[in-house]
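To start, the structure under review is shown below, and the notes come after it.
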Amino acid sequence: MNATVSVSHLAKSFGRFQAVKDVSFEVYPGEIFGLLGPNGAGKTTSIRMMLDIFKPDAGSVTIFGGEMTEAKKNRIGYLPEERGLYQDLKLEPTLVYLATLKGLDESEARLRIADWLKRLDLYEHRAKKVQELSRGMHQKAQIITTLVHDPELIIVDEPFSGLDPVNTRLVKDIIEEQRQAGKAIVMSTHQMYQVEALCNRIVLIDKGVAVLYGEVGEIRRRFAGNAVVLEGQGDFEGLPGVLEVRRDNGSWHMALEAGVSAQDIFQALARRASVKVDRFEVAEPSLDDVFIRVVSEGQGESEEAARA
């Protein structure tokens, strides 16, 4: 299967600041691909180079088998993190206008938009000005703009921003439907549990470099042994060798530093007279745990090593 997107050794600087140093990955039809990294890692710059908004200083981007063209841009849907609709215009005509820019004629655009407005519970608000919409409504309106022209490549940056749990579930279902329809989807988000639920593969960018790349399940197994789960009473904070402690459904989940074993943690707990441990087990780490360890310790693999 040919990749919809192929990014090879991208680099981009703005003056003396190098936003992207070395980023490579591929995205295939029928998958949701996670583009992850801390703030300032180079994710948005990489996306803008993919979309030909920025020209790379080095490296290359292949879209639909070749270089970007104006015709190919109509086959792409892009949801930016920033709000980008015209604030002083009414919602429905704004969406229709933007759909015509993507190649739809006005009558077809109106039919499709009416269906999307109804599905996303915005139909009754179609005559409102964009500035009168809530944050969640605005986000759903931008999702319509992203998808109304039935793009083959969908790029969404923080797609769940501003959404309540009901609308988050709705948008997740829509993204999954697009994947099942054979679309290639690139999703950038800080919500790791959404990545675990939706993404087939990921790339983690840190300081402009792709440091981790591969299938979500395989990456979690690769880092197994670097997390423990326990139940009990007492203070489980401040243990040496623990990167992060969080409470989840009555259990304590700990992400461990590289070189620290579960046995080290167990022995440290045994020395604390104030704690009682009822359950202690080695856990397969969540993507949150992997993210924290790789970014905190800089121990991610290079993109080439992750491919090997």
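Each value in this text was obtained by applying a stated rule to the coordinates, not by laboratory testing. What you are looking at is a predicted structure, and each value in this text was computed from that prediction instead of being measured. No Cβ is skipped: glycine too gets one built from the backbone with ideal geometry, and neighbour counts run over all protein chains shown.
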Task: Charge sum, other residues only, whose C-beta stays under 10 Å from residue 295's C-beta, Lys/Arg counted +1 and Asp/Glu -1 - done: 0
Task: MRE, 222 nm, helices only [DSSP H, n ≥ 4, -39500 (n - 2.57), over the chain, to nearest 500] - done: -10000 deg cm²/dmol
Open item on the list: Let me make sure I get this right: for region 1-126, a, b and c are the square roots of the gyration tensor eigenvalues over alpha carbons, sorted descending. Under 1.5 in a/c it's rounded, otherwise prolate if a/b > b/c, else oblate. Which is it?
Closed with: prolate
Task: Summed side-chain charge close to residue 58 - residues other than residue 58 whose Cβ falls under 13 Å, Lys, Arg +1, Asp, Glu -1 - done: +1
Open item on the list: Taking R0 as 22 Å, what FRET efficiency do you get between residue 87 and residue 166 from their Cβ-Cβ distance, rounded to the nearest 0.05?
Closed with: 0.30
Task: Net charge, residue 102 excluded, C-beta distance under 13 Å - Lys, Arg +1, Asp, Glu -1 - done: -2
Task: Beta bridge orientation in the chain: antiparallel %, DSSP, nearest 5 - done: 65 percent
Open item on the list: Order 120-131, 263-274 from most to least packed using the mean count of other Cβ atoms within 10 Å.
Closed with: 120-131, 263-274
Task: Shape of region 225-283, Cα gyration tensor, a/c cut at 1.5 - done: oblate
Task: Peptide ranges 169-182, 277-290 listed from the most packed, as the mean C-beta count within 10 angstrom indicates - done: 277-290, 169-182
- [ ] Considering the options 219, 277, 8, tell which one lies farthest towards the positive end of the dipole of the chain, charges being +1 on Lys and Arg and -1 on Asp and Glu at the Cβ, about the Cα centre.
- [x] 8
Task: Angle between the chain longest axis and helix 135-147 axis [Cα atoms, degrees, rounded to 10] - done: 70 degrees
Task: Relative exposure of 6, 251, 134, judged by other C-beta atoms within 10 Å (fewest first) - done: 134, 251, 6
Open item on the list: I need the peptides 204-214, 21-31 ranked by packing, meaning the mean over residues of other C-beta atoms within 10 angstrom, with the highest value on top.
Closed with: 204-214, 21-31
Task: Selected from 259, 228, 193, residue furthest toward positive end of dipole (the chain; charges at beta carbon) - done: 193
- [ ] Determine the alpha carbon to alpha carbon distance for each of 21/73; 21/172; 43/73; 55/102 and list only those over 28 Å.
- [x] 21/172
Task: ³J(HN,Hα), Karplus 6.51/-1.76/1.60, whole Hz, each residue of region 78-83, x for Gly, Pro - done: 10, 10, x, 5, 7, 6
